[in-house]
1. Counting only other residues whose beta carbon sits under 9 Å from that of B:Leu612, what net charge do I get with K and R as +1, D and E as -1?
2. In whole Å, what three semi-axes, largest first, describe the equivalent ellipsoid of segment B:656-698 built from its Cα gyration tensor (square root of 5 times each eigenvalue)?
3. With no solvent and one equal point scatterer placed on each C-alpha of chain A, evaluate the Debye formula and give log10 I(q)/I(0) for q = 0.14, 0.16 Å⁻¹, two decimals.
4. Given only helices, namely DSSP H runs of n ≥ 4 each adding -39500 (n - 2.57), what is the per-residue ellipticity at 222 nm of chain A, to the nearest 500 deg cm²/dmol?
5. Order of B:Leu165, B:Leu450 from fewest to most other C-beta atoms within 10 Å?
6. Give the order of B:His411, B:His752 when sorted by the count of other beta carbons within 10 angstrom, beginning with the fewest.
7. Could you work out, residue by residue across B:410-416, how many beta carbons of other chains sit within 10 Å of that residue's beta carbon, and then give the average as an integer?
8. Which of the peptides B:460-471, A:10-21 is most tightly packed, and how do the rest follow, going by the mean number of other Cβ atoms within 10 Å of each residue?
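Please treat every number below as a calculation from the coordinates, not as lab data. Computed from a predicted model, the values in this text were never measured in an experiment. Don't worry about glycine lacking a Cβ; one is built from the backbone with ideal geometry, like all the others, and counts go over all protein chains shown.
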Amino acid sequence: MTRVVGMALVRALVLLVAVSVLVFCATELLPSDAAQSRTGGRAGAEQLERLRAELGLDVPAWQRHLSWLAGLCRGEAGTSLVTDRPVVQIVAERLPATLTLAGCALAVAVPLTLLLAWLVGTAAPRWRGPLSTVVTGVAAVPQVVFATGLIVVFAVVLGWLPPVSLLPAAGAPLFDLELLTLPALSLAVPAAAFGAGLLGGAVADTVRRPHVRDAVARGLPRHRVALRHVAPFLLAPAVRVLALTASALVAATAVIEMMFGYAGLGELLVSSIGTRDTPVVQAVAMLAAVVVLAGSAVADVLGAWTDPERGGVRAPA
Amino acid sequence: MRRRDRAAAGLAAVTVLAAVCGGALAPHDPAASIGMPWAPPGAAWPLGTDVAGRDVLSRVLAGGRDLTLTALADLLLAAPFMLTALVLAVALPPPAAVVAGTVCGGAPLGLRMVRDLVRQARHTGYVEAARCRGETAVSIVGREILPSVAGLASADVVLRFVLALQLAAAFGMLGLGPQPPAPDWGSMLRENLAGAVLNPAALLAPAVALTVLALASLLLSAALDTSPGARIAPRAGRNVPSGVRFPPRAAHDVPSGAGIPPRAGRGAVQTAGDAVLEVAGLTVADGHGRPIVTEGALRAGPGEVVAITGPSGSGKTTLVRAALDVLGPGLRRTDGVVTWRGSPVRPGRDARRWRRAHVGLLDQDPVGSLNPLLGVGALVGEGRPRRPAEVRAMLTALGLDADALWQRRPHRLSGGQAQRVALARALLGEPGLLVLDEPTSGLDPAALDLVVQAIGRRRGDGRSVTLVISHDADFVSRLADRVLAIGAPDTTSPAPAPSPIGVPDTTGLDPARSIVGGPDTTELDPALSAIVAPDVAASGSPGLTARPGRGEQPLLRVRGMRLARGGETLLDDAGLTLWPGELVAVLGPSGAGKSTLLRALAGLLPPEAGDLWSGGLPLAWPLDRRPRAALRAVQLVGQDPAGALNPAHRVATALARPARVLRGLPRAQAYAEVPRLLRQVGLDPALAARRPGELSGGQRQRVALARALAAGPAVLLADEITSALDDVTAARLLRLLERLRADGLAVLLVTHDREVAARADRVLYLADHRLSPEAIGTETHTRAP
């Protein structure tokens, strides 16, 4: 077990460093650098050189990457090129809004994934095909289209909910169902359909196992067969699928927050890309990467721990 | 490709084409303002105008181009790693191939998928068959792996396109797509969201366009994916019945005096009074409404032990499972009444409660029916209102140490212990009805003795009923008060009904047609014919059924074999001799290493130690050191009919290949043999043009057998070839083996079904690391707790 945890941690750390290189390279490749964007293109070559030296842009890229990483480890992410405020502060302001939205979306997506997967996996052969086609179809529809549909139906046609979710002034409670419902559903439903498509097959395989058939033959009540003989074998695949679903959902917050004008981290990321505010882009991207990698590391550990086939869960000898 | 798939592919092609080329059909310049913003649909603009007064229709027609092309470009970057990894899979060990594939692909989902595909590709029956033919790695990759994954890979490529499309749409929505005046479906959504009330079409049109493109791609992906797994799930209802079934003759009671007399001195059996269990008019139909059991009847008085016998395929298990309302998938009880102690038991909840309260069931594979996550105490006591003390008493009565084993899970029990745990569960609380399904096949002799004792206690207790399903007349005569013989379907079979999907399956191995001993059946290699040739010398080995008139040398002889799998020793110092024309069955509990033994003999998995001789000459274990004649002489048929055949190859291709590679026949001649091979296994030669996806499970298994026979082997290694088949098809396959043996073919048959083993000349029992003739070896239960 210690080995599994160690392996998961090492893998996550290696991937995190790789992601940091990727993020750094991607922001390096943006057409203009920080010195140019600060001076707004009005400075001469000499002035730019001076500013670059001042900002530390004249040292080689790998040195800057290392010092950036070192700064991250100390909890410093530089200052915004646009507002000159510390990046950590900007991110901290936006974090609660995104956490609330992602939390609400997960609260819907996780039960929905499990429910749909169960329905697909245990459906009679005649219904399984059509049902899984519908689930995959919902997963395949682009998320923006799905969100647009929700807005049209609930905000425009029915007028029940606001079409945009502008957050109230600072201090007001973040948890407002009226503002959260549409963005959370837009995040949750496609993610749940995607996860259910993956998990449904595992459910179908499990219910065909001989000990499940035997439990049915012994006349155990349905709920007991489900809880005791099917569910434990689904823990490992379910944890893996849910981790995937969660990371897909985190990635999708950027689009959904933009659509609904919801001032969270995703919106910050997209608008910072627009203003070429590289320190902010790097910080938000790394934060998202940490969340996703932590999720998959947890899933790996839990998966190994709950996987009966690998002898994970064992009674003490 | 099926018609529906062709339609899906056509639809997808038209959609993508429209998305890319739609701009040419635009009535207006997509970037020009031609009217008021968000004007509703009218004559000049069929879908109205958008935020800047531009024609929505023109923008939708033109807006798919960049998006689709961007998605296609993303796709080109993402797609090739899968194929690279698959090609690497054969040359490199699996971890290296996975690393290589993942380095190219990157995504964690990709890692999992590549790993699964690599594993799948290496271990499918068709790749192993190719390795057994001694084909080169290049030939295996080019001929077997690439064609078989082409469908899956292209389906995956299309799915990636859907993902890339989603990404591209999201980018457009975020304003990261093409620059503003250019039409783009994603940006159109963003621009026109605010005008949804004024002109909904401006918003709906790009939304519908995106949805149609995504769904059409999805349909295309499903159509391209021809892997058996992708097909079986939705078509299970069609695939379950293989070929044609014969409705078994109605069951008839044989009074104990007429058939098998009960042993003397048992005391009077109380059969007077009303029946405890009465089953009448029971009819079971398969998914197509064809009867499997008709008018099944069963009656058992208090204290009675009723044996249900009949040949394989007669439906005896189906009859009992239907009475208990626990039929397998694809079967349905259409008619019949079950009465227990005078009150009817309706199917559904009623039957479930009855089973829970009054029925104890011991399955054919009792060890497999134990939940691997539960401890012994929970396994035995579950679902019955019994105190732990009673459970302990029952375990102790069966010779188990209840305290030591209470928390232990099945994987830490020996085979014998696991059988007793299953038995304890069936016997706990003295169920009113005890059902034993082929107890002689799943239980070792010691556990079987316990069953016999338990039945002895129940007999004549004036209360309980015991049903024993068995084919074993000896066993039945020792135990049963009454024998219910179920008619043999293969003696008087009615005309075959039309097959389900118009498959011209020749149903059954018509003895007149499948030539036995004719000059052109199972022709043997000259060298091997010499071995098989009647040298008229009895085998010198003691303890073997000497088959006079057969070869002097054994076809296969193994000594001192040590087999291990994953660090666990399966077999130690095992020996085996196989004579021409012999059918030897290998029995043993699940996981004992029966399949590993066959794979070792076939050369796929060399053992750790041991010597092998073929026809008196030493033979190397690994495939690549075996001469062609030896590769040809030993053929393996696996358990899984779904993976045995390459989904990309037609039946004719699969059957012609062994003859070309192993017997060196020219192409035309190899193909000319295909119809004979198909007829030999009872299939219509017209099936030669089909691919495995268009065959039923039984047909696939018979094609796999035909492929093995195409090499003209001297030894057939058959691994549970009947377990995936329904009873009737299984019986046909076994009859075919009987006939082939008459021509000198030796068969080593791994099975867990004692009924199948009963047809063998000899039975070997593989348990506790030993391979022993069953009559001598009783299983020891000394494996360390």
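1. My count for the surroundings of B:Leu612 gives +1.
2. 21, 11, 9
3. -1.15, -1.31
4. Helix contribution divided over all residues of chain A: -24000 deg cm²/dmol.
5. B:Leu450, B:Leu165
6. Ascending number of Cβ neighbours within 10 Å: B:His411, B:His752.
7. Across the residues of B:410-416, the mean count of other-chain Cβ atoms within 10 Å is 1.
8. Going by the mean number of other Cβ atoms within 10 Å, highest first, we get B:460-471, A:10-21.
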